[in-house]
1. In the range 5-44, if every C-alpha pair distance is counted and binned at 5 Å from zero, what percent goes to each bin?
2. About its Cα centre, what dipole magnitude does the range 3-74 give when the only charges are +1 on Lys and Arg Cβ and -1 on Asp and Glu Cβ, stated in debye to the nearest 20?
3. Could you list which residues have their amide H under 5 Å from that of residue 47, counting only those 5 or more apart in sequence or on another chain, with H placed in the peptide plane?
4. For the range 1-77, what is the convex hull volume of its Cα atoms per residue in Å³?
5. Please compute the length gained on full extension between residue 59 and residue 12, using 0.36 nm multiplied by the number of residues separating them and subtracting their Cα-Cα distance.
Amino acid sequence: MPVGYPSIRVLNHNPTHHLWNNNGTWWVHFTVHFDQRKRRVRRSLKTRSLTEAVERRDALLLRISQEGELVPERFSYDRRAIV
């Protein structure tokens, strides 16, 4: 699996950038670049608190910026094989 690094735009005037609330649970979304490709990543922060979501987002993006993120291969199949 290749290692990807995030492409992050920081908007100081929008503290909830990269966050969205899905039925009360906060999620983060960002793009990871690897091998001349990119993949959009969405991940639950598993919290209902906006303050905690911001802290978890910042910690997650810092860790991935420093260490990278393993990018699993996507499952592909031959559509012609389906009858």
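1. Bin by bin from 0 Å, the calculated values are 6, 22, 25, 22, 15, 8, 2, 0.
2. Values: 13 positive and 7 negative charges, 59 e Å.
Rounded to the nearest 20 debye, it is 280 debye.
3. The list, which skips near neighbours in sequence, is 26.
4. Working: hull volume 8.1 nm³, N = 77.
Once divided by residue count, the hull of the range 1-77 is 105 Å³.
5. Working: separation 47, 0.36 × 47 = 16.92 nm, distance 1.66 nm.
Gain on stretching residue 59 to residue 12: 15.3 nm.
Here, each number is a calculation from the coordinates, and none is a lab measurement. Only a predicted model underlies this, so the values are computations on that prediction, with no experimental measurement involved. As a convention, Cβ positions derive from the backbone with ideal geometry for all residues, glycine included, and neighbour counts pool all protein chains shown.
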